[in-house]
Amino acid sequence: MSGSDRIALACFVSSGVFAGGNAVAVRFTVREMEPLWGAGFRFLLAAAVLLVIVVIMKLELPRGRALAGAALFGTLNFAAAFALAYYGLTHVHAGLGSTLLALVPLATLVLAVAQRQERFRPAALVGALVALIGVGLISGAALESAPAPALLALLGSVVCFAEATVLVRRLPPIHPITMNAVGMSVAAVLLIGGAAFGGEALTLPDRAATWVALAYLIPVGSIAVFVLFLVMLRYWSASRAAYVDVIIPFVAVAFSWWLDDEPITGGLLAGGALILIGVYLGALRPSETVAEISSA
């Protein structure tokens with residue numbers, strides 16, 4: 001294994017484990033803070049920390065096309081994706097939400113092929129069909145306790161995350177800290193503006209549990225996770241890097257069962273297993289990925 005692969009693998013495992021706690025922490029914040037305001041407040045503080053780091057490290061801020069790209073990345077990956085995810089997690093347990101987000105790798109592969117960034121492979125179609133059956137099983141089991149709009153919002157979040165991952169591969173090289181500082185700043189403005197326009201109460205939380213959740217979400221769930229992900233994208237293709245979302249459900253389900261009393265249902269287990277099988281068939285098999293990655 002080359003040095004670059006070792007760096008990418010370390011980022012892959014670390015970001016996946018850290019991100020596994022995100023959905024559970026978000027669930028605690030949305031109990032007190034409304035969705036757009038909760039997401040905007042999180043990214044406002046995270047962006048402030050990152051901008052201080054940019055100044056301390058004397059990193060150059062992007063200009064022109066690079067700045068526009070970083071702003072678009074922030075709009076997709078933080079503003080749109082998390083607006084939908086926060087709404088979905090207001091009504092859906094973290095384990096279920098994270099299992100649906102495991103579809104990001106397949107969505108990334110489909111979008112990368114559609115945008116001529118990667119080659120089409122028949123196995124991807126088979127994997128997508130298997131994963132969609134898994135989504136159907138999960139949705140059928142969850143509809144009694146989760147409204148359909150929440151599930152659709154989470155699937156919309158999948159598309160936003162996937163497109164943002166494909167987009168990054170086309171942008172001019174930008175330092176990961178700078179990219180996230182700009183992206184989260186843009187997202188904070190959009191999310192807080194949307195919260196104000198939508199009449200959400202822009203109040204600070206009172207509960208200790210909410211502040212503990214924010215203390216995790218800002219330095220770990222926002223800064224560490226997304227900086228590690230962008231570093232990984234320097235070495236791996238978009239579809240390969242997106243498989244970090246396959247690790248997340250295992251961590252999220254365990255934490256959600258432990259901290260948030262999420263029931264582990266047969267539908268969740270069966271549907272989650274089919275999603276993971278579909279993801280493996282679609283793009284994770286070594287015989288399929290090696291040729292793809294070498295051409296990226």
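Laboratory data are not the source of any read-out in this text; all were calculated from the coordinates shown. Note that the coordinates shown come from a computational prediction; the quantities given were computed from them, not determined experimentally. Counting neighbours? That spans all protein chains shown, and the Cβs are built from the backbone with ideal geometry, glycine included.
Data for the structure
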item: Listed values (1) 0.95; (2) 0.89; (3) 1.08, entry calculated as Cα Rg over 2.2 N^0.38 Å; result: (1)
item: Residue order, fewest to most beta carbons within 10 Å, for Asp206, Asp260; result: Asp206, Asp260
item: Rg(Cα) / (2.2 N^0.38 Å) computed for the range 1-135, rounded to two decimals; result: 1.25
item: Least to most buried among Trp211, Trp258 (fewest other Cβ within 10 Å first); result: Trp258, Trp211
item: GNM top mover of Ala19, Ala270, Ala71 - the chain, alpha-carbon springs below 10 Å; result: Ala270
item: Sequence of Met57, Met232 once ranked by neighbouring C-beta atoms within 10 Å, starting from the fewest; result: Met57, Met232
item: At R0 = 22 Å, FRET efficiency that the Cβ-Cβ distance of Ala215 and Ala48 yields, to 0.05; result: 0.90
